[in-house]
Structures are given as structure tokens and as C-alpha cells.
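Notes follow the structure.
Throughout, read-outs are computed from the coordinates displayed, never taken from laboratory work. Treat the numbers as computed from the prediction; the structure is a model and nothing was measured. Don't worry about glycine lacking a Cβ; one is built from the backbone with ideal geometry, like all the others, and counts go over all protein chains shown.
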Amino acid sequence: MSERPISDLTLREMFTNAETLIRDLQDHLKNSFHPKSRSVEDLVQTHHIPAERDAVPDSTVRQQMKELLSSDDYSETLLKKLDQYLTAIEERSREAIANK
């Protein structure tokens, strides 16, 4: 992806970069975030059964939650960047249509 400011990109470059971000986000959610989320869910789903709950150290739960939150932060970063591109695409498209 281009390191130039979004406002300096052509509309085609904006679409290309937005498409790349969508693929990156999809890959991240599928291969990182969702597995981490399932792992935490599996770890704590039996919390109401004392024997099973006590078998899982708090440090394990904290570590897996830390990894999940880190993955969520990365998801949010991608979403914010994608939102910037989509907003720029909308604005540039409106300008192009208005100047036609």
C-alpha cells in the first residue's frame, strides 16, 4: 500500500488500497481474532463448575485475554484506516460527479 497521504492518491489507488485493507482485515479476523476469541470462550465456558474453573490458572485467562485484546486493537486499526479510505473515496467520487 502507498505511504502517501490518502488525499494525494488517485481514486483508483484509493480503491486498490481499500480492497487490500478489506482482504487484510478478513484474513486477520479469520486467522487471528476469531481463533483467539474461540480459545478464550473454550477456556472460560465452564466457569460455573468449580472443579474445572479452578483447574485453569488466572494467569492463563489473563494471557489469552491480553492476546485477544491485542488482536482487537489491530482489527480496530485496520477498520479506522479502511474508514478513512472509504470516506475519501466517497468525497472524491462526489467531486468527480459534481464536476462532470
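Restricting the search to helices (runs of 4 or more DSSP H) fully inside the chain and requiring at least 3 residues that are of a type in the set (G, A, S) and free of Cβ contacts under 8 Å to residues at least 12 places away in the same chain gives 58-98. With respect to the stated conditions, Q26 fails to be over 16 Å from L79 (Cβ atoms), of a type in the set (S, T, N, Q) and surrounded by 10 or more Cβ atoms within 10 Å (Cβ to Cβ).
Inside the stretch 33-60, residues that are charged (D, E, K, R), over 21 Å from Y74 (Cα atoms) and within 24 Å of the chain's Cα centre (by Cα) make up a count of 1.
Inside the stretch 65-100, residues that are among the hydrophobic types (A, V, I, L, M, F, W, C), under 21 Å from the mean Cα position of the chain (by Cα) and loosely packed, with under 13 Cβ neighbours inside 10 Å make up a count of 2.
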